[in-house]
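Written out below as structure tokens is the structure these notes cover.
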Amino acid sequence: MTAASLLRAAPDAVATAARRVMARCEELARVSADTASIERVYLSPEHARVNRLAAEWMRELGMRTWQDAAGNQVGRIGDPAAPALMLGSHLDTVLDAGRYDGIAGVLIALEVVRLLRVPSGDDGWTVPLPFAIEVVAFSDEEGTRFGKALLGSSAVAGTWNDAWWDLADADGVSLRRAFLEFGLDPGRVGEAARRPDELVGYLEAHIEQGPELDRAGEPLAVVSSIASARRFQLVVEGEARHAGGTPYDMRRDALLGASEAALAVERICSAEHHIVGTVGRFEAFPGAVNVIPGEVQFSLDLRGEFDGERDRVWDALARDLDDIMGRRGLRWRAREVHSAAAVFCAPLLQDVVAGGIRATLPTRSEAPPVIFSRAGHDGMALGAIADVGMLFLRNPDGVSHHPDEAVSAGDVAHGIRALAEAVLLRGTEPA
Ligand SMILES: [Zn+2]
């Protein structure tokens, strides 16, 4: 029996697998630094505990396991000499997190291994594929602790930056010290890096973190690309003066200028189809009830499917800010604090994900939805060394990074089936 026919013969196995994913998401949610909410950050005791659990689940499937030099938990099954198709996602969380962001993707990957594995003779298991399968539970995707996202996957991609060692958490603990306290050697982080020739590609299942699939009534989508993002810290300067004594024609109110700027972000971004801009932090100084604000500092997060479109929106916004501030007698400046280019999913992996989704649909001729990811993912880092493909699962109401984050067991079952079929389809192409 081939792996493909094994999979088709096993609808009950897929439903059982989905129930196991849901139960394990609950189990992992209990591994938290906070009893009232979910909080699991990089290099914490909770990180170590979920790695041990994941390793146990990997070994139970007959996988060889190791924790790499950056604290990522890895399991491998199949020909030891073959390159690997990497599956996975992350187990770290934001503060007051949901149960499924990242976590569901790791657990779905494990169930795919369970569905595809076959006995290998000497008591072991293998996968009947021209490549091995590795499941990676990335250790830091969210960047919650050190303010820098994708630390785990950057180590695997070999793009670790030594400037990060001095990043500190809220308690002043440096990344270097946290490594040592976790039992990792900062000097060996390079050993986590993988070579492009070791990998066939990287495939990740993830909840959408937005409402598009829910609105469309679709359980799954092919991801076309992961958004490009730029973040800025902006400052508007006016003049702080007495709130009573200063007539309107003499006011240079930085808050009113910055407020117009925030509205300009909404106006300009919403006119573009594939751009979203958010002012998430906004602070007025000196911040007294009887003083006209002399300075406002605010953040801008700009995301788009295409780098060029995103940059044009920033240019248009900058022209608008010149107008607004000029009219109000204010000055403004911006400092770019983050920039990441869009990562496009490889056409071949988009095709196999689409084929995998079609296998879950009543009529296989239907074309599954294709959407771009507005959120960042480990694939952004992995893109440096491997073809990347992603599968999105419907996220009711699009609530994510919140305790109410959800996904249904039925959709998880579709996701497991689609990812397993995608892996089999990838196996029919040259490694
Ligand atoms: Zn995530």
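List of remarks:
- Residues of region 134-170 classified as part of a helix (DSSP H, G or I), open to solvent by 40 Å² or more (accessible area, probe 1.4 Å) and either touching a strand residue (DSSP E or B) at 6+ places or on another chain (Cβ under 9 Å) or within 16 Å of the ligand (Cβ to nearest atom) (or both), total: 1
- Boolean, E266 is closer than 28 Å to F306 by Cβ, open to solvent by 60 Å² or more (accessible area, probe 1.4 Å) and charged (D, E, K, R): yes
- Here D311 meets the list (1) out of contact with any Phe, Trp or Tyr (no Cβ under 9 Å at 6 or more places or on another chain); (2) surrounded by 20 or more Cβ atoms within 10 Å (Cβ to Cβ) almost entirely, failing just condition (2).
- Test: V276 is outside any helix (DSSP H, G or I), modelled with pLDDT under 95 and closer than 25 Å to E336 by Cα: yes
- Every pair of residues 6+ apart whose Cβ atoms lie under 6 Å, when the first sits in region 95-110 and is within 13 Å of A409 (Cβ to Cβ) while the second is more than 10 Å from the ligand (Cβ to nearest atom) and of a type in the set (K, R): L107/R24
- Comparison of R281, R335 shows that the only residue that is more than 30 Å from L391 (Cα to Cα), at pLDDT 95 or above and of a type in the set (K, R) is R335.
- Candidates L234, L180, L167, L199: the one that is farther than 30 Å from D397 by Cβ and in the same structural domain as L300 (by TED's automatic domain parsing) is L234.
- Exactly one residue out of M58, M86, M63 is within 18 Å of the chain's Cα centre (by Cα) and closer than 30 Å to A178 by Cβ: that is M86.
- Put simply, of R312, R319, R335 the only residue that is farther than 18 Å from A375 by Cβ and part of a strand (DSSP E or B) is R335.
Here is a yes/no grid of residues against (1) over 22 Å from G88 (Cα atoms); (2) part of a loop (DSSP other than H, G, I, E, B); (3) within 15 Å of the ligand (Cβ to nearest atom):
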| residue | (1), (2), (3) |
| --- | --- |
| T363 | yes, yes, no |
| I371 | no, no, no |
| H377 | no, yes, yes |
| A384 | no, yes, no |
| M390 | no, no, yes |
| H401 | no, yes, yes |
| D404 | yes, yes, no |
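The values are calculated or read from the model by the stated rules, or taken from the named source; none is laboratory data. This structure is a prediction, so every number in the text was calculated from the model and none was measured. Cβ sites come from the backbone with ideal geometry, for glycine too, and all protein chains shown count toward neighbours. Surface accessibility is based on the protein's heavy atoms, side chains included, excluding ligands, DNA and RNA. Shrake-Rupley method; radii C 1.70, N 1.55, O 1.52, S 1.80 Å.
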